Amino acid sequence: MRASGGLLAAILAAALAASPAPAATDDEPPAETASAVHVGAEGVGPITGLPMPRFVSLKATKANVRRGPGMTHRVDWVFVRQGMPLEVIGEYGHWRRVRDPEGASGWLHYSMIRGNRTALVTAETADLRLEPSPGAAVSARAERGVVFEIEACRRDWCEVEKDGVDGWAAKADLWGVGPEEIFD
């Protein structure tokens, strides 16, 4: 027996309504959470357990920044500078919401970032000094936009290196390290 078009459509609609919705996968959050920033208790990432926010660097030479945490979300822009410092401000599954030095934010797959610390020179020029002191001799100068690897940070200074040139730069001249951060 052959069902008419209207009857067949009604049967299909009823079957679809009765079937459970597919579960959200790690890569595709439910629509109501797609734009939410997920931060765990006391500034800890709910997925990684790492501090939030935290600074990381771009691992890839090209990385799509998406509107939401999943491959189906629109690409808003593309990072093309390997080593660029980024700030992780949210987590969802394998996705990290990051903020760039200009304050723009979007979602990156976790495989596009690494824990290595870098810093971007934001001052017109930054003096690299032999010691972490404003009176220490200048060993080099860096222009705005230079990205350094961070070796260590003290209260007001970070030891940085790029292509064999190293020294201590004032934290105030850098983006990619918190003002209270201290580490070796």
If you place +1 on the Cβ of every Lys and Arg, -1 on the Cβ of every Asp and Glu, and leave all else neutral, what size is the dipole of segment 135-184 about its Cα centre, to the nearest 20 Debye?
240
Expressed in square angstrom to the nearest 10, the accessible area of THR125 with a 1.4 Å probe stands at 80
What is the sum of charges, Lys and Arg at +1 and Asp and Glu at -1, for the other residues whose Cβ falls under 11 Å from the Cβ of GLY106?
+4
Tell me the GluC sites (Glu not before Pro) within segment 61-104 that lie in a loop according to DSSP and have at most 11 other beta-carbon atoms within 10 Å.
GLU102
Listed residues TYR92, TYR110 arranged by accessible area, highest first, probe 1.4 Å:
TYR110, TYR92
Report the local net charge at VAL146: Lys and Arg +1, Asp and Glu -1, summed over other residues whose C-beta lies under 13 Å from its C-beta.
-4
Two pseudo-spin positions, 7 Å from Cα along C-beta at LYS162 and at ALA140, lie apart in nanometres by 0.8
Can you give the convex hull volume per residue for the Cα atoms of segment 65-140, as a whole number of Å³?
120
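The values are calculated or read from the model by the stated rules, or taken from the named source; none is laboratory data. Computed from a predicted model, the values in this text were never measured in an experiment. We place every Cβ from the backbone using ideal geometry, glycine too, and count neighbours over all the protein chains shown. With ligands, DNA and RNA removed, areas are computed over all heavy atoms of the protein, side chains included. Shrake-Rupley method; radii C 1.70, N 1.55, O 1.52, S 1.80 Å.
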